[in-house]
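Undergrad: Please find one structure pasted underneath; my questions will follow.
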Amino acid sequence: MTTAWVTRAESPADVPAVRSIHLAAFETPAEADLVDALRGDPSWLPGLSVVVTDPAGRVVGHALLTRCSIDATPALCLAPCAVLPELQRSGAGSAAIRAALRAARDRGEAYVTVLGHPDYYPRFGFRRASVSGIRVDLDVPDEALMAMTLDEARPLPAGRIRYAAPFGI
Ligand SMILES: CC(C)(COP(=O)(O)OP(=O)(O)OC[C@H]1O[C@@H](n2cnc3c(N)ncnc32)[C@H](O)[C@@H]1OP(=O)(O)O)[C@@H](O)C(=O)NCCC(=O)NCCS
């Protein structure tokens with residue numbers, strides 16, 4: 001059965017639920033702590049922390065876009081994304097990510113980067129970042145670093161990704 005996932009911007013009341021989702025989805029509290037640190041950081045952008053709810057209104061997943069840059073060009077970093085383990089692989093994560101990307105486009109943002117599984121993120125339009133000359137100061141597989149433009153008139157710039165301080169990169 002296909003669930004009718006609903007997405008919306010995070011509200012202050014969602015903060016504990018978002019933390020619980022990251023604690024449940026990841027092996028350590030690192031991602032939950034990262035989200036909380038980003039909330040107090042200048043890289044946090046209103047409306048780009050997106051929650052997905054089930055039809056009853058329970059928050060079951062989260063996707064976050066925060067400010068980074070590609071050299072000096074403002075861009076967004078998609079991280080972290082998580083869905084409650086019992087509801088993974090039923091479309092909730094995709095719904096949250098698509099909604100976050102739409103919200104970013106509506107704000108006039110163009111460039112989004114992600115470090116993640118190369119089998120998952122291309123469905124949203126992400127491509128290997130190194131093809132565009134985008135790199136990162138981390139020892140990660142080349143195919144794990146991906147990027148996309150939300151505006152075909154603005155092709156991806158080349159350069160090194162500079163992450164917000166809470167990422168510790
Ligand atoms: C990754 C995550 C957010 C995806 O959300 P989701 O609701 O489970 O995913 P969806 O149902 O929207 O999409 C399902 C698809 O994603 C794929 N997928 C899910 N997690 C994946 C992973 N870690 N690696 C590769 N593919 C993955 C599934 O195989 C499925 O592919 P298919 O449609 O070709 O069958 C969720 O699985 C999760 O919270 N995982 C644990 C935390 C994590 O690894 N987060 C990502 C790093 S920030």
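The values are calculated or read from the model by the stated rules, or taken from the named source; none is laboratory data. What you see is a predicted model; the values in this text were computed from it and never measured. Neighbour counts run over all protein chains shown; Cβ positions are idealised from the backbone, glycine included. Protein only, heavy atoms only, side chains kept; ligands, DNA and RNA dropped before computing areas. Shrake-Rupley method; radii C 1.70, N 1.55, O 1.52, S 1.80 Å.
Undergrad: Please give the helix 30-39 orientation as an angle from the longest Cα principal axis of the chain, in degrees from 0 to 90, rounded to the nearest 10.
TA: With rounding to tens, the tilt is 80 degrees.
Undergrad: Ordering 137, 14 by accessible area with a probe of 1.4 Å, largest first, what comes out?
TA: Details: 137 100, 14 10 Å².
The most accessible residue leads, giving 137, 14.
Undergrad: Let me check I've understood the local charge: for residue 51, count other residues with C-beta under 9 angstrom from its C-beta, Lys and Arg +1, Asp and Glu -1. What total comes out?
TA: Once positives and negatives cancel, what remains is -1.
Undergrad: Could you tell me which of rounded, prolate or oblate describes region 11-111, using a ≥ b ≥ c as the square roots of the eigenvalues of the alpha-carbon gyration tensor, with rounded for a/c under 1.5 and, failing that, prolate when a/b is larger than b/c and oblate otherwise? Walk me through the numbers on the way to the answer.
TA: On the way: a/c = 1.87, a/b = 1.44, b/c = 1.30.
It is prolate, given that a/c is not under 1.5 and a/b is the larger ratio.
Undergrad: Something else: Roll a 1.4 Å probe over the protein chains and send me the accessible area per residue for region 20-169 in Å². Let's see the in-between values first.
TA: Values: 7030 Å² over 150 residues.
Each residue of region 20-169 exposes 47 Å² on average to a 1.4 Å probe.
Undergrad: How charged is the neighbourhood of residue 18? Take every other residue with its Cβ under 14 Å from the Cβ of residue 18, and add Lys/Arg as +1 and Asp/Glu as -1.
TA: Overall, the nearby charge balance is -1.
Undergrad: May I pose another question? With Cβ to Cβ distances under 15 Å as the rule, what net charge do the other residues near residue 35 carry (K, R +1; D, E -1)?
TA: Numbers: positive: 19, 39, 67; negative: 10, 14, 31, 33, 36, 41.
Overall, the nearby charge balance is -3.
Undergrad: A further question follows. Rank these by accessible area, largest first, 1.4 Å probe: 27, 86. Show your work: numbers first, answer last.
TA: Numbers: 27 190, 86 125 Å².
In descending accessible area the options line up as 27, 86.
Undergrad: Hey, can you grab everything whose amide H is under 5 Å from the amide H of residue 135? Only 5+ residues off in sequence or another chain; H modelled, so Pro and N-termini drop out.
TA: Here 159, 160, 161 satisfy the definition.
Undergrad: Another question, if that's okay. Using only DSSP helix segments of four residues or longer, with each worth -39500 (n - 2.57), what per-residue ellipticity at 222 nm results for the chain after dividing by its residue count and rounding to 500? Write down the numbers at each step before the final one.
TA: Numbers: 3 runs with 36 residues, N = 169.
That comes out to -6500 deg cm²/dmol.
Undergrad: Run the accessible area of region 1-151 with a 1.4 Å probe and give the carbon-and-sulfur part as a rounded percent.
TA: 54 percent
Undergrad: Under the classification rounded if a/c is under 1.5, otherwise prolate if a/b is larger than b/c and oblate if not, where does region 81-139 fall, given a ≥ b ≥ c as square roots of the Cα gyration tensor eigenvalues? Mind showing how you got there, number by number?
TA: On the way: a/c = 2.31, a/b = 1.32, b/c = 1.75.
Verdict is oblate for region 81-139.
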